1. Which of the residues belonging to the stretch 248-287 are touching a strand residue (DSSP E or B) at 6+ places or on another chain (Cβ under 7 Å) and charged (D, E, K, R)?
2. Say we look at the stretch 309-337 and pick out the residues that are among the basic types (Lys, Arg) and at pLDDT 90 or above; which of these is nearest to LEU360 (Cα to Cα)?
3. Just to be sure before I move on: is VAL130 farther than 30 Å from ARG35 by Cβ and modelled with pLDDT under 85 in the structure I sent?
4. How many residues, within the stretch 15-34, are touching a Phe, Trp or Tyr at 6+ places or on another chain (Cβ under 6 Å) and over 10 Å from HIS51 (Cα atoms)?
5. When you scan the stretch 287-296, do you find a residue that is in contact with a helix residue (DSSP H, G or I) (Cβ under 6 Å, 6 or more places away or on another chain) and in contact (Cβ under 8 Å) with a residue 60 or more places away in the chain, even just one?
6. Only one residue in ASP238, ASP173 is of a type in the set (Asp, Glu), over 30 Å from GLN107 (Cβ atoms) and modelled with pLDDT under 80. Which one?
7. Would a scan of the stretch 299-317 turn up a residue that is surrounded by 18 or more Cβ atoms within 10 Å (Cβ to Cβ), among the hydrophobic types (A, V, I, L, M, F, W, C) and more than 28 Å from TRP225 (Cα to Cα)?
8. If GLY221 meets every condition in (1) more than 18 Å from LEU367 (Cβ to Cβ); (2) in a loop (DSSP other than H, G, I, E, B); (3) at pLDDT 80 or above apart from one, which number is that one?
Amino acid sequence: MPFLALHDGTEVIPNQVQKGDLLECPKCGDQLKIRDSHRRKGSFVARHFYHAAEEETDCGGESPPHLRMKSIAYSKLTTEYPDATIGLEQQLGDRRADILVEFPQPQFPEGRGIGVEAQHKHEDKDVDAVTAEYLAAGYSILWLAEEDFSGFNVDLSGILPTWPHAVQHDFSDGYHGVIHWLRQSKPANPSMDVVLPREYLAEHSEGLRRAWEYGKFDQGGQSDWNDLGFWWLSASYDPYQKWFKLTETPDGRTMLQLGKQVRGTEHVLAPVQTEHSRNRGKVHSLAYEVDSADTSAGEWADIEKAWLETGLQSTSVIFKLVATPSGELALSLGKYKEHSDDGEFITVSTEFKRNLKESLHELANLLG
């Protein structure tokens, strides 16, 4: 299919002439017409010439490969960038671009425009040097090779953007509006100190202390908490998740957590001491009872329990191995405070009895 015609004796490509112009095939001399670019079955078809008597001609004339590549690319670019000025063999500094796309205003990320170089296999251009020249001038660049073309279509996805080379550093016309906005004085965020009455503090002292000690975790935990050990009591992919873990707070305290997620998340977070031989021994004792535990009675029953050292005089923590009415094993964790009804307790069954013993031994070793 020809992409070259003669118009008044001058060689032209499809985008340089209008429909109705008298065009002649440079090979056979027959009349040529223009078929506009369009999309056919999802593929782009570039603007091209065809013989007016196409059914009768046997002219097999084909345009030179480089000219064909430029014509198809030019046609596709006019479709992709309708507001841009697009020219063939345009001068840019000391270089003449095969196709030059110029925008009315620089835009992200292409900058001032796009220089297009159609690289035929017989040509020998210094790709690095040419690329550097375009980028330095604030233009993106697109190198096109024969493999980027398919029929009357071309792939334009290989544009190398010039950004940030296209950032305008000349502020002779004033600063950008964003700069002016940033330089404006902003009202300070209002703040106010509220002093709580002593009567309120006396009435709610226990609740406020608990919020201060455990509030971070009760809000979902923080990324700066460090898990020392984590063990699943259910499959990790199960929508009903169950677990226990040993975690370290940012201020260096160690907390034991037992939790489950069924219709929302429930957990108890209790302080425990590490580097403590009695805590280690008590949790090892729980682990040893896993294999011999009798859960056949079909009722709740404590199999083994351990009161753990917390390092806090006012807080007691109990960790238990429990039989459930369904014949499963479960762990229970309770946290209680002296002279207060504000206690927390949770029981979580396990689906991995064979792994529970090993997990408890690992926890014991971390505590000791």
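1. Those that are touching a strand residue (DSSP E or B) at 6+ places or on another chain (Cβ under 7 Å) and charged (D, E, K, R): GLU248, ARG253, LYS260, GLU266, LYS282.
2. Looking only at the stretch 309-337, we keep the residues that are among the basic types (Lys, Arg), and these are 320, 335, 337.
Checking which are at pLDDT 90 or above leaves us with 320, 335.
Numbers: LYS320: 11, LYS335: 19 Å.
So the residue we want is LYS320.
3. Values: farther than 30 Å from ARG35 by Cβ: yes; modelled with pLDDT under 85: no.
It is false that VAL130 is farther than 30 Å from ARG35 by Cβ and modelled with pLDDT under 85.
4. 1
5. Kept after step one, since they are in contact with a helix residue (DSSP H, G or I) (Cβ under 6 Å, 6 or more places away or on another chain), are these residues of the stretch 287-296: 287, 290.
Going one step further and asking which of them are in contact (Cβ under 8 Å) with a residue 60 or more places away in the chain, we end up with 287, 290.
Yes, the stretch 287-296 contains a residue that is in contact with a helix residue (DSSP H, G or I) (Cβ under 6 Å, 6 or more places away or on another chain) and in contact (Cβ under 8 Å) with a residue 60 or more places away in the chain.
6. Working: ASP173 fails: over 30 Å from GLN107 (Cβ atoms).
Just one listed residue meets the conditions, ASP238.
7. Checked against the condition, which is being surrounded by 18 or more Cβ atoms within 10 Å (Cβ to Cβ), among the hydrophobic types (A, V, I, L, M, F, W, C) and more than 28 Å from TRP225 (Cα to Cα), the stretch 299-317 yields no hits at all.
8. (3)
The values are calculated or read from the model by the stated rules, or taken from the named source; none is laboratory data. These numbers come from a predicted model, not from an experiment. In this analysis, Cβ positions are derived from the backbone assuming ideal geometry, glycine residues included, and neighbour counts consider all displayed protein chains.
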